[in-house]
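The values are calculated or read from the model by the stated rules, or taken from the named source; none is laboratory data. These numbers come from a predicted model, not from an experiment. With ideal geometry, Cβ positions are generated from the backbone for all residues, glycine too; neighbour counts draw on all protein chains shown.
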Amino acid sequence: MIDITTLSELTIDGKLSLGPGASSKDLFEFYGDDLRTWFHQQRASHSAIMVGAGTVRSDDPELTVRHFNGPNPLRVVPTSLGDIPLASRLLNDGGATLVAVSKAAPAQVVAALAAKPNVQVVHCGDARVDLNELMDVLYALGIRSMIAEGGSRLLHSLFEADMVSRIIIKHIPVISGAVEAPTYLRPVNGTSRLSLSRWRLDDMFVKSGVGVSIYTPLAVAA
């Protein structure tokens, strides 16, 4: 089993960004070096890092360790149809990246992704990426811990599959005010609902003026 930690930035009004289609990187401007170093230390402590295709399209993230002296995790992107820009940085910087597609992904798209330097493409699922199959693939590659940085649909899917063992939230002290900005969790098809789950607040602290809260599942007696 892979230990999965979700790590997200949330505004006071519960948004992952300042507006629809906006980059979550904009929220990084509201905190300083102390939190940035701690954030990258979290990346370095995991053997893989995952984001969804929407995050790749809106943020063009590097998903590397830059503000802390540590190893880069394997970058993992589930994208059912393989529809992420071929010019994305994580496909072209030579770092280890695994792209998971479904069997519905066009063959020419898969071939173009697989042609990128140090990029591995795996098929998991029929019409959509099957996260359970993907975890089996990652486990076989030696991955035992992974950090998931969003977006909201990927996070929802991970919680829906009961795969999350730790939650980290950086509480950004701003109000987005954008009604249509993505919230913390959002179902893929608009109808999937999560069952009630209970979590324990394990730690809370402030770095660079930003509150950080860490949660683990609360074991409920039978």
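Test R153 against the criterion of being closer than 21 Å to V56 by Cα and either modelled with pLDDT of 95 or more or more than 14 Å from the chain's Cα centre (by Cα) (or both), and give yes or no.
Considered against the rule, which asks whether it is closer than 21 Å to V56 by Cα and either modelled with pLDDT of 95 or more or more than 14 Å from the chain's Cα centre (by Cα) (or both), R153 comes out as no.
Here are some residues: L113, L35, L86, L90. Which one is surrounded by fewer than 16 Cβ atoms within 10 Å (Cβ to Cβ), touching a residue at least 12 places away in the same chain (Cβ under 8 Å) and more than 24 Å from M1 (Cα to Cα)?
None of the other options fit; the residue is L86.
If the requirement is being over 18 Å from the mean Cα position of the chain (by Cα), small (G, A, S) and modelled with pLDDT of 95 or more, which of these qualifies: G82, G94?
Sole residue among the options that is over 18 Å from the mean Cα position of the chain (by Cα), small (G, A, S) and modelled with pLDDT of 95 or more: G94.
Given the options S152, S176, S165, S213, name the one that is closer than 21 Å to S45 by Cα and in contact (Cβ under 8 Å) with a residue 60 or more places away in the chain. So that I can check it myself, show each step before the final result.
Numbers: S152 fails: closer than 21 Å to S45 by Cα; S176 fails: closer than 21 Å to S45 by Cα; S213 fails: in contact (Cβ under 8 Å) with a residue 60 or more places away in the chain.
Going through S152, S176, S165, S213 in turn, the sole match is S165.
Residue check, C124 against (1) buried (at least 17 other Cβ atoms within 10 Å of the Cβ); (2) farther than 19 Å from V188 by Cα, all met but one. Which one?
(2)
Can you pull out every residue in the range 160-192 that is loosely packed, with under 13 Cβ neighbours inside 10 Å and touching a Pro at 6+ places or on another chain (Cβ under 7 Å)?
Result: E180, single match.
Here are the criteria: (1) out of contact with any helix residue (DSSP H, G or I) (no Cβ under 7 Å at 6 or more places or on another chain); (2) touching a residue at least 24 places away in the same chain (Cβ under 8 Å). Tell me which single one H123 does not satisfy.
Just one mismatch for H123, condition (2).
Could you run through the range 9-32 and say how many residues are buried (at least 18 other Cβ atoms within 10 Å of the Cβ) and either within 17 Å of P73 (Cα to Cα) or among the acidic types (D, E) (or both)?
1
Give the residues of the range 160-179 that are in contact with a Leu (Cβ under 9 Å, 6 or more places away or on another chain) and not in a strand (DSSP E or B), sorted by residue number.
E160, A161, M163, V174, S176, G177, A178
(1) of a type outside the set (G, A, S); (2) surrounded by 20 or more Cβ atoms within 10 Å (Cβ to Cβ); (3) closer than 25 Å to S23 by Cβ; (4) under 18 Å from the mean Cα position of the chain (by Cα): which one isn't true of D60, the others all being true?
That leaves (2) as the condition not met.
How many of the residues making up the range 137-159 are surrounded by 15 or more Cβ atoms within 10 Å (Cβ to Cβ), among the charged types (D, E, K, R) and part of a loop (DSSP other than H, G, I, E, B)?
Result for the range 137-159: 1.
Yes or no, residue by residue, for (1) at pLDDT 95 or above; (2) farther than 14 Å from T97 by Cα:
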residue: G21; (1), (2): no, yes
residue: E29; (1), (2): no, yes
residue: D33; (1), (2): no, yes
residue: R43; (1), (2): yes, yes
residue: I49; (1), (2): yes, no
residue: T55; (1), (2): no, yes
residue: L63; (1), (2): yes, no
